[in-house]
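So the structure is just underneath, and the comments pick up after that.
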Amino acid sequence: MKYVLVTGGVVSGLGKGVTASSIGLVLKACGLRVTSIKIDPYLNMDAGTMSPFEHGEVFVLDDGGEVDLDLGNYERFLDLMLTRENNITTGKIYQSVLEKERRGDYLGKTVQVVPHITDAIKNHIESVATIPVDGQEGPADVCVIELGGTVGDIESMPFIEALRQLSFSVGPDNFCLIHVSLVPVLGVVGEQKTKPTQHSVRELRALGLTPHLLACRSAQPILDNTKEKLSQFCHVPAGNILNVHDVPNIWHVPLLLRNQNAHLSILKQLNLLRIAAAPDLRDWTNLAATHDNLTNSVKIAMVGKYVGLTDSYLSVVKALLHACIACSLKPSIDWIAASDLEDESSKLTPEAHAAAWETLRKASCVLVPGGFGDRGVKGMILAAKYARENKVPYFGICLGMQISVIEFARSVLGWEKANSTEFDDATPNPVVIFMPEGSKTHMGSTMRLGSRKTLFQTADCITSRMYHKSAYVDERHRHRYEVNPESIGAFEEAGLKFVGKDETGNRMEILELPSHPFYVGVQFHPEFKSRPRRPSPVFLGFILAATGQLNLYLEKQQNGS
């Protein structure tokens, strides 16, 4: 197995995940099989219990793993199906070591960070790297490892030591280290500063790791004299100093690396030049160019709880982008804090309230994504009601589906106090209830997670037709609450149809309102399986409906054109 390690220095948030994904894509374009590992040095077992404001969205894998959003980037860029084991955390490592200690596996030895924790890290990396994630048999050729955080962080020290040992044990021909750093420009002087990168590399080398390549982040392309200075003081050949400057969209990053012959430097270090082909990135080049040349846009109102940090809905944003590009459109997302739509905000923050409603009314479609807790729920219900009554395309994901059920129960069925037991335990009309198999005492990994089968109840509905009239779909889930099956009869009599159910027939997965151009709610998260060239069918239907093209698309599909 060949390893490519991507570390970061100076500051966090430089784009290590995109850089690692792009490196993997370029190597894959050279004909190599690639897998990925993300190391997160935090003590959490996984990302499942972390606030979106803290860490961005929680990405969900087929096996139910709740992982860092960077694994979403890996899956989208490399078209892989990763496992929960591809995300390593300090919590996972320490738990495995402590469980062994309790069993007596260490035979009375004093259990220490070195060698026991570091050995556990190395063993985990080497084990996970061999898991096939591309649908083929046997291990990949190259494993790209991203070390989260910044070099010098106390919490990442055991991982750096383990990776140092790994680099030594596998040999120089099997290990390539790429360090992502920042080359800032001070406003007053206007000069590109190399000192932060110098210090970062010095710190890394002091810990026993020497970078083979530098990926320098900057606003503008770095100058030749800057590159020479970095080469001289960081002990890296000038040809191995890559400039990852700001680009119009992240799909340009693999092309940027290819144009600087990053693949040749990596392949040379890994002794793979003989078996690798020239990178074929024609499709990716077309994709990036298409994105740049989009002129017409569609206004999408995103009514959510965590709009203060757009990374909270990263996969939703990407899925919208994939669907829009398939329609030759540019997504224009208007973020609306759900609480700003509520009646209370008209008194407390009247300007924000008025602006939120104006934005909602100007949008071509309304999307309510997932979330937890009761903050902003009233605003989401008002958004769903506005979309239903005004025939504006509406798409509810997870909580967004449950919101549409609550709104319909109150407005159409006349159940004024209908609610979810998540928000009101004492509601007389619990139209959304806690799932029987859930846990109310433990939060981590106790939801209904991962890829589950949804069976279509009829082929004569929008979602079934968008999924090419498949009998079922496999989509990823992450929820504790579900639509109350005892209320289904009343909803369907009033016109709200549940066209997708789980294999038991008791769990509602997809709802539609046939009298509406596009009023769809799904309990699953279709955004997690959306890919640049394979947009999620339900997201595609949503955008087509917003631009008045859905019926034409479905007619063409039916006619086989």
For this session: Treating the angle as unsigned and between 0 and 90°, give the value, to the nearest 10°, between the Cα long axis of helix 377-389 and the longest Cα principal axis of the chain.
Result: 60
Exercise. Once phi is turned into θ = phi - 60°, what whole-Hz ³J(HN,Hα) does the Karplus curve with 6.51, -1.76 and 1.60 give for every residue of segment 367-376, x standing for Gly and Pro?
Worked result: 10, 10, x, x, x, 9, x, 8, 5, x
Problem set entry | Helix 537-546 vs. the chain, principal-axis angle (Cα, 0 to 90°, nearest 10) | 60
Exercise. Over the heavy atoms of Phe372, what accessible area does a 1.4 Å probe trace out, to the nearest 10 Å²?
Worked result: 70
Seminar exercise, completed: Placing +1 on each Lys and Arg Cβ and -1 on each Asp and Glu Cβ in the chain, then taking the dipole about the Cα centre, the residue among Ser156, His235, Cys216 whose Cα reaches farthest towards the positive end is His235
Exercise. What number in nm² do you get for segment 295-559 if you take the convex hull of its Cα atoms and divide its surface by four?
Worked result: 14.1
Exercise. What number, rounded to the nearest 500 deg cm²/dmol, is the helix-based mean residue ellipticity at 222 nm of the chain, given -39500 (n - 2.57) per DSSP H run of at least four residues and division by all its residues?
Worked result: -10500 deg cm²/dmol
Exercise. If we restrict to alpha carbons, what Rg and Dmax does the chain come to, in Å?
Worked result: 25.1, 75
Seminar exercise, completed: Phi angles of segment 73-79, converted by Karplus (6.51 cos²θ - 1.76 cosθ + 1.60, θ = phi - 60°) into ³J(HN,Hα) in whole Hz with x for Gly and Pro, give 4, 4, 5, 5, 5, 9, 6
Problem set entry | Amide H contacts of Asn419 (H built 1.01 Å from N, under 5 Å, at least 5 apart or other chain) | Asn429, Val431, Val432
Exercise. Could you name the lysines in cross-link range of Lys453, using Cα to Cα under 19 Å and dropping any fewer than eight places away on the same chain?
Worked result: Lys469, Lys497, Lys501, Lys529
Problem set entry | Amide H partners (placed H, <5 Å) of Ser297, local residues excluded | Lys330
Exercise. What relative contact order, as a whole-number percentage, does segment 119-174 give when Cα pairs under 8 Å and 6 or more residues apart are counted?
Worked result: 33
For this session: Hey, can you grab everything whose amide H is under 5 Å from the amide H of Leu242? Only 5+ residues off in sequence or another chain; H modelled, so Pro and N-termini drop out.
Result: Leu214, Ala215, Cys216
Exercise. Remind me, relative contact order of segment 430-561 in percent, using alpha carbon pairs under 8 angstrom and six or more residues apart?
Worked result: 22
Exercise. What do you get for Rg/Rh of segment 177-216 when both radii come from the Cα atoms and Rh is the Kirkwood radius?
Worked result: 1.06
For this session: Distance between Cα centroids, segment 479-537 to segment 291-339: provide it in whole Å.
Result: 21
Seminar exercise, completed: With the 8 Å Cα cutoff and a minimum separation of six or more residues, the chain has a relative contact order in percent of 14
Seminar exercise, completed: To the nearest 10 degrees, the tilt of helix 224-234 (Cα long axis) against the first principal axis of the alpha carbons of the chain is 70
Problem set entry | Listed residue (Gly396, Val26, Ser315) projecting farthest to the positive dipole end of the chain, Cβ model | Val26
Problem set entry | Net dipole in debye of the chain [+1 Lys, Arg Cβ; -1 Asp, Glu Cβ; about Cα centre; nearest 20] | 1180
Seminar exercise, completed: Gln558 neighbourhood, Cβ < 12 Å, K/R = +1, D/E = -1, net charge +1
Exercise. Applying the Karplus parametrisation 6.51 cos²θ - 1.76 cosθ + 1.60 with θ = phi - 60° to the phi angles of segment 15-29, what ³J(HN,Hα) value in whole Hz is obtained for each residue in order, glycine and proline being reported as x?
Worked result: x, 4, x, 5, 4, 4, 4, 5, 4, x, 5, 5, 5, 5, 5
Problem set entry | DSSP-assigned coil residues among trypsin sites (Lys or Arg not before Pro) in segment 169-235, each with at most 16 further Cβ atoms within 10 Å | Lys193
Problem set entry | Sites Asp474 and Arg202, calculated FRET efficiency, Cβ-Cβ separation with R0 51 Å, nearest 0.05 | 0.55
Problem set entry | Relative packing of peptides 476-487, 494-505, 391-402 - highest average C-beta neighbours within 10 Å first | 391-402, 476-487, 494-505
For this session: Determine the percent antiparallel among the DSSP beta bridges restricted to segment 295-559, to the nearest 5.
Result: 50
Exercise. Which lysines have a Cα less than 17 Å from the Cα of Lys417, not counting those fewer than 8 places away in the same chain?
Worked result: Lys378, Lys385
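The values are calculated or read from the model by the stated rules, or taken from the named source; none is laboratory data. No experiment lies behind these values; they were computed from the predicted model shown. In this analysis, Cβ positions are derived from the backbone assuming ideal geometry, glycine residues included, and neighbour counts consider all displayed protein chains. Keep in mind that these areas ignore ligands, DNA and RNA; they rest on the heavy atoms of the full protein, side chains included. Shrake-Rupley method; radii C 1.70, N 1.55, O 1.52, S 1.80 Å.
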